[in-house]
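The values are calculated or read from the model by the stated rules, or taken from the named source; none is laboratory data. Fair warning: this is a prediction, and the values are worked out from it, not measured in the lab. Side chains are part of the model used for accessible areas, which takes the heavy atoms of the whole protein and leaves out ligands, DNA and RNA. Shrake-Rupley method; radii C 1.70, N 1.55, O 1.52, S 1.80 Å.
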Amino acid sequence: MAFEVLIRQQIARLLDPSIECAHKVYKELRDIVNKIDLPELNRYQKLKYKISDVMECVLDKCLTPTTDMILNLVEIENAHINTNHPDFVGSADTLLNLFQGE
């Protein structure tokens, strides 16, 4: 039981850095969109601004679902901690195998 509490705390600690990472990726993509400079579009400034606006709107629409997905993934990981997996050192099967191997 104590192990599960510790694991849940560690999983919860992943939430803030993950959301921060998503925001940094979002910011970097916006910076890339703003730095796009195609010589063909320099003649059509309105088109260039409209393309930039559309791309920024797409990024804006994707940020909320991305952060929601990160929240859901953390909740899913917290909901199911498999301590019965054979690779888990604390599982009963592993302990039996250790003593039967001798």
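Summary table below
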item: Candidate residues 1, 55: accessible-area rank, largest first, probe 1.4 Å; result: 1, 55
item: Accessible-area value, residue 50, 1.4 Å probe, nucleic acids and ligands omitted, Å²; result: 120 Å²
item: Solvent-accessible ranking of 58, 33, largest area first, probe 1.4 Å; result: 58, 33
item: For residue 26, solvent-accessible area (1.4 Å; no DNA, RNA or ligand), Å²; result: 50 Å²
item: Residues of type lysines that residue 50 reaches as a straight line, Cα spacing below 23 Å, ignoring anything fewer than 8 places off in the same chain; result: 27, 35, 61
item: In sequence order, calculated HN-Hα J values of region 35-41 (Karplus, 6.51, -1.76, 1.60; Hz; x Gly/Pro); result: 8, 5, 9, 9, x, 5, 8
